[in-house]
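Colleague: This is the structure I want to talk about, given as structure tokens.
The values are calculated or read from the model by the stated rules, or taken from the named source; none is laboratory data. Since we're looking at a predicted model, the values are computed, not measured. Neighbour counts are summed over all protein chains in view; Cβ atoms, including those assigned to glycine, are modelled from backbone coordinates with ideal geometry. For accessibility, only protein heavy atoms count, side chains too; no ligands or nucleic acids. Shrake-Rupley method; radii C 1.70, N 1.55, O 1.52, S 1.80 Å.
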Amino acid sequence: MNKNNSKMLTADEASKIVASSVIRRRKKDARLKTYGRIAIGLAVSFLIFLFVSIFSKGIPGFFQYYVTLDVYLDRDRLDPKGDLSPESLYNGDARSIVLESLYKVINPKGRKEKKAAKKIISSNADVRISKMVLDNSKILGKTISITFAVDDDIDSFLRGYIKRETPSSERRINDTVIKFVDKLSAENRISYKFSDYILTGSASRSPEIAGIKGAFIGSMLTLAVCFIIAFPLGVATAVYLEEFAPKNRITEIIEVNINNLAAVPSVVFGILGLAIFIGVFGMPRSIPLLGGMVLALMTLPTIIISSRAAIRAVPPSIKDAAYGIGASKLQTIFHHVLPLAMPGMLTGTIIGMAQALGETAPLLMIGMVAFIVDIPGGVTDPGTVLPVQIFMWADFAERMFIQKTSSAIIVLLVFLIFMNAAAVILRKKLERRW
Amino acid sequence: MVSNSNINNVKTKTIGEIFSKDPKIICRNVDVFYGEKQAIKDVSIDIASREIISFIGPSGCGKSTFLRCLNRMNDTIDTCKVKGSISLDKEDIYDEKIDVVTLRAKIGMVFQKPNPFPKSIYENVAYGPKIHGLSSSKEELDFIVENSLKDSGLWEEVKDRLQSPGTGLSGGQQQRLCIARAIAVSPEIILMDEPCSALDPIATAKIEELINQLGKNYSIVIVTHSMQQAARISQRTAYFHLGELIEVGETKKIFTMPKDKQTEAYISGRIG
Ligand SMILES: Nc1ncnc2c1ncn2[C@@H]1O[C@H](COP(=O)(O)OP(=O)(O)O)[C@@H](O)[C@H]1O
Ligand SMILES: [Mg+2]
């Protein structure tokens, strides 16, 4: 082998070569470390950028501008039938009453100015009055000061997004409106405070009164359905596969497919839901029950995989102990294996649910993207969910929706962080068990 | 059922006295397979009432495997197949009519690594009586727990903290807790698989003393890798080698004048 002039190195030569290679290796190490740091730095700065941009846009979305007016609550005009029923109040003349109290402050002259004045207050003002009267009919016949949300264009103007300097023809609000707003400001009637609508309102075409409550409730209902279906099913599957299933080709194929299922794009589950639940079983669209079922399909593989891992992590010695004392298989599983595996299974489930909470595509497929003003009262009422609401708002042109989109994202993020924190805490607990 | 006519009329290569006058467990021609691999080859032996018998032999020779046949713990291993006959009080324990749950209530087991449940000390001991319905009231259960802990010599050490986790005890205490758990269901036989191998000498001494005590009321089969331990605690010793039962006999005789060459080689330290 060592025919051509190769010979063993002396110790001296060898150590020299080693020394020089050590320097090269050190340099390589250092370079790799630097690359790693750069990568982490980039990732962190993206994250910071994301958070700063979402929070800087989203926090103002939790606040909005209001105008305070002294309103004379004329009994006959507000409640024409006189029975204080919602229908009677709906037929009442709340809108004109609000406008009249506004006119008293800003004195619009002529039709044109009145038309401009109408643009100042949110179209929701009459609903606000009706609600107040329904809550407390004693205020009828009195003059009280009420704060109303201003229209979204006025809000944008007050925030400085619509600029005074822009030529009137290119602005969404004309000079007359600006004059009136200035007058209201001068009288200290404009205020900036925490929004009444963002957390408690539901979907609306008027951005100033749009809120996430409907979507939030929709999300909760959907997640509840998802959990109720996916958790027991997932755990049962995991227990069967780990403890009962014979180890043969069929179970092997099932296992491989469950793992594959976890990698299927979520939109496919939406199509599946559309085809099976709506197409075959004729379920109504847009309802949280359906959304939950589709998301359950999606989270099931995650739950099964993590539950199996959790069951496998239960020390065999504990099972031996139970069997050794005469516990049946079922007792061993229910008394020992499941309690010990529970934190792990819940961790996986929470992570699966967090995924489901942020999921949009499959819900679009089953029509949870519909514009639904009513807050869903149950799993069979049409509704939407937070990420879909975000998706819809992001598509609207109004400036104010941009802020509200970010606000909704903040709410969603807070929830996700909360869920993930719960998962981490559970995992810590799991580690402490033995 | 194993008829009386043929049990003492068995072909065996084992040297020494495999029979006993008052047999509790009778094993005849037992073969155990893990899949294709045979781990126990044609083992026949009796285990008498209230005797302490130790199984010794080099590791991997099948001591644990054979021990686990006696309470059918091998059922939990899918690939494991047991052939031959094993009977408890003349009743075949591998018969279809036999319920493993009742069998394991009669034959308790203590494992190599102390394995208390991650529950309270009380719960650990009370678990067996609870699932077998041995007590009808809280007082009865308390009584069983207290007695079992006393019998395992742990009572004085834990009586003030019965509700603290069993996993918080020291290794030796945990093993005695496991023994208490086993005797709480009033078994007739206790199987122990190297119960001291994870313990320090002092804890080991305590367990050995305990085993000596328990030997008055129970049949005890103990697997051990320590020949001194076997010599100290057991009346009979069985030497296994490569799945075969080579020699059985009175412990004193086995250690002083083994008849088989392999046994002699092992006890004199030439086979490890
Ligand atoms: N669960 C199992 N599956 C397959 N082979 C096993 C299993 N348990 C033990 N064996 C094999 O059976 C033989 C006997 O093992 P064991 O009874 O544990 O020996 P010992 O307790 O005497 O050290 C060994 O060769 C071992 O590899
Ligand atoms: Mg062993």
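Colleague: To the nearest 100 Å², how much accessible surface do chains A and B hide from each other in total, with a 1.4 Å probe?
Modeller: Summing both chains' loss of accessible area gives about 1600 Å².
Colleague: For chain B, evaluate the Debye formula with one uniform point scatterer on each Cα (no solvent term) and list log10 I(q)/I(0) at q = 0.09 Å⁻¹, rounded to two decimals.
Modeller: -0.41
Colleague: Still on this structure, I have one more. On average over all directions, what projected area in square nanometres does the stretch A:213-433 have, based on the convex hull of its Cα atoms?
Modeller: Average projection, Cα convex hull of the stretch A:213-433: 13.7 nm².
Colleague: Using a 10 Å cut-off on Cβ atoms, rank the peptides A:328-336, B:96-104 from the highest mean neighbour count down.
Modeller: In descending order of packing, they fall as A:328-336, B:96-104.
Colleague: Mind checking which of B:Glu139, B:Glu51, B:Glu17 has the largest fluctuation in a GNM of chain B, springs on alpha carbons under 10 Å?
Modeller: Result for chain B, Cα springs under 10 Å: B:Glu139 fluctuates most.
Colleague: Report the rotationally averaged projected area of the stretch A:126-266 based on its alpha-carbon convex hull, in square nanometres.
Modeller: Answer in nm², one decimal: 15.9.
Colleague: Enter the accessible area per residue of the stretch B:23-267 (Å², integer; probe 1.4 Å; all protein chains in place).
Modeller: It amounts to 41 Å² per residue over the stretch B:23-267.
Colleague: Using 1/(1 + (r/R0)^6) with R0 = 56 angstrom and r between the beta carbons of A:Leu416 and B:Arg232, what's the FRET efficiency to the nearest 0.05?
Modeller: After rounding, the FRET efficiency stands at 0.35.
Colleague: Follow-up question, since we're still on this one. Within the accessible area of the stretch A:63-194, what % is carbon and sulfur when the probe is 1.4 Å and the other protein chains stay in place?
Modeller: The value for the stretch A:63-194 is 49 percent carbon and sulfur by accessible area.
Colleague: Quick one: which bits of the stretch A:295-324 get at least 20 Å² less accessible when the partner protein chains are in, versus the chain alone, with a 1.4 Å probe?
Modeller: A:Ser317, A:Ile318, A:Asp320, A:Ala321, A:Tyr323, A:Gly324
Colleague: Where the Cα atoms of the stretch B:21-105 are projected onto their three principal axes, how long is each span, largest first, in whole Å?
Modeller: 34, 30, 21
Colleague: On to the next question. Check each residue of the stretch B:155-198 and keep those whose accessible area, probe 1.4 Å, is at least 20 Å² smaller with all protein chains in place than in the chain alone; give them in order of residue number.
Modeller: When all protein chains are present, B:Arg181 each give up 20 Å² or more of accessible surface.
Colleague: Please work out the C-alpha center-to-center distance from the stretch A:289-340 to the stretch A:1-75 and express it in whole Å.
Modeller: 38 Å
Colleague: Let me ask you something else. If you stretched the chain out fully between A:Ser328 and A:Tyr35, how much longer would it get, using 0.36 nm times the residue separation minus the C-alpha to C-alpha distance?
Modeller: 99.9 nm
Colleague: How do A:54-67, A:346-359, A:295-308 rank on mean C-beta neighbours within 10 Å, highest first?
Modeller: A:295-308, A:346-359, A:54-67
Colleague: Follow-up. Give, as ranges by residue number, the residues of the stretch B:124-158 whose backbone N falls under 15 Å from the point 7 Å along Cα→Cβ of B:Thr102.
Modeller: So the set is B:132-134.
Colleague: If you don't mind, there's one more thing I want to ask. Jot down the radius of gyration and Dmax of the stretch B:143-225, Cα atoms only, both in angstrom.
Modeller: Here Rg and the maximum Cα pair distance are 12.1, 36 Å.
Colleague: Right, another one. What whole number of Å gives the distance from the Cα centroid of the stretch A:150-172 to the Cα centroid of the stretch A:384-402?
Modeller: 21 Å
Colleague: Using alpha carbons only, how many degrees (0 to 90, rounded to 10) separate the axis of helix A:386-395 from the longest principal axis of chain A?
Modeller: Once rounded, one gets 60 degrees.
Colleague: On to the next question. So what's the protein assembly as shown giving for Cα Rg divided by 2.2 N^0.38 Å, two decimals?
Modeller: Compactness ratio reported: 1.49.
Colleague: Using a 10 Å cut-off on Cβ to Cβ distances, tally the other chain neighbours for every residue of B:110-121 and report the average as a whole number.
Modeller: Counting Cβ atoms of other protein chains within 10 Å of each residue's Cβ and averaging gives 4.
Colleague: Computing the accessible area with a 1.4 Å probe over protein heavy atoms, can you report the carbon and sulfur percentage for the stretch A:213-433?
Modeller: 70 percent
Colleague: Also, quick follow-up: May I ask you to give the percent of accessible area on the stretch B:186-268 that is carbon plus sulfur, with a probe radius of 1.4 Å?
Modeller: After summing per-atom areas, the C and S share lands at 52 percent.
Colleague: Indicate the residues belonging to the stretch B:64-89 that lose 10 Å² or more of solvent-accessible heavy-atom surface (probe 1.4 Å) upon moving from the chain alone to the assembly of all protein chains, ignoring ligands and nucleic acids.
Modeller: Listed by number, the residues meeting the 10 Å² cut-off are B:Arg68, B:Met73, B:Thr76, B:Asp78.
Colleague: Quick one: Cα convex hull volume of the stretch A:1-147, Å³ per residue?
Modeller: Spelled out: Cα convex hull of the stretch A:1-147, divided by residues, is 300 Å³.
Colleague: Could you tell me how many degrees, from 0 to 90 and to the nearest 10, lie between the Cα long axis of helix B:138-151 and the main elongation axis, the longest principal axis, of the Cα atoms of chain B?
Modeller: 50 degrees
Colleague: What is the angle, in °, between the Cα long axis of helix A:125-135 and the longest principal axis of the Cα atoms in chain A? Nearest 10 is fine, range 0 to 90.
Modeller: The helix A:125-135 is inclined about 90 degrees to chain A.
Colleague: Here's a follow-up. Given Cα pairs under 8 Å that are at least 6 residues apart, what percent is the relative contact order of chain B?
Modeller: Relative CO of chain B lands at 27 percent.
Colleague: Separate question: For the stretch A:213-433, what is the accessible area per residue in Å², given a 1.4 Å probe and the full set of protein chains?
Modeller: About 43 Å² of surface per residue is accessible.
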